[in-house]
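Report on the structure given below.
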Amino acid sequence: MFRLQSSKVLAVDMTGDAVKAKNGSMVAYDGEMAFKKLSGGGEGIRGMVTRRLTGEQMTLMEVKGRGTCWFADRASEINLVGLQGDKLYVESSNLLATDGGLRTGTEFTGLRGASQGNGLFTTTVEGHGQAAIMSDGPAVVLRVSPQYPLTVDPGAYVAHQGNLRQSFQSGVTFRTLLGEGGGEAFQMRFEGDGLVYVQPSERNTIAGDV
């Protein structure tokens, strides 16, 4: 059972089951718990190959036992996402924890900049259960409908779910209009029916430019 102790602390009540969480994110626990380090990017040989190809470093730990565990990471805001057999796409740095029964993987989502051919890879969470995602500041959940596609600055993107088509638009971005940034700028565009989670603070590492 996932619950928010506060907007920045996740509490997980466990009765012998397991939870997967970002390595080093546990801040306290009571009861009897066992810990095991996992590697992200997917299970098995395919996950190992995917991580090597993509450089996706999502280090997870598995916690199993009876009691309550509390998780947090750099005072980030936490959102709970319920999955009913669907798939959640989330930046690996924004994934805090998932139910032990949910499957995690890495999926290719397109090219950012045809000139360099750099690939974009997103962590996926799939199955039935709950996931906890983090954001720098309170996340905003935006609805995408067929009539209203959504364009997002990649530095503000956190996650998305639903029947959405994701594409990349190069050219003028929000930052370019303000005279900031350099390189080959791009934006993320979502069409279809679903939800997109964005944060009010942009990552310095992407910030809409390749």
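Every number in this text was worked out from the coordinates using simple rules, so none of it is lab data. These numbers were taken from a predicted model, which means no experiment stands behind them. Here the Cβ positions follow ideal geometry from the backbone for every residue, glycine too, while neighbour counts run over all protein chains shown.
With each label modelled as a point 7 angstrom along the Cα→C-beta vector, the Val141-Ser170 pair spans 3.6 nm. Model label sites at Ala75 and Glu62, defined 7 Å from Cα along the beta-carbon direction, differ in position by 3.5 nm. If the segment from Asp30 to Val9 were pulled out straight at 0.36 nm per residue, it would be longer than the present Cα-Cα gap by 6.0 nm.
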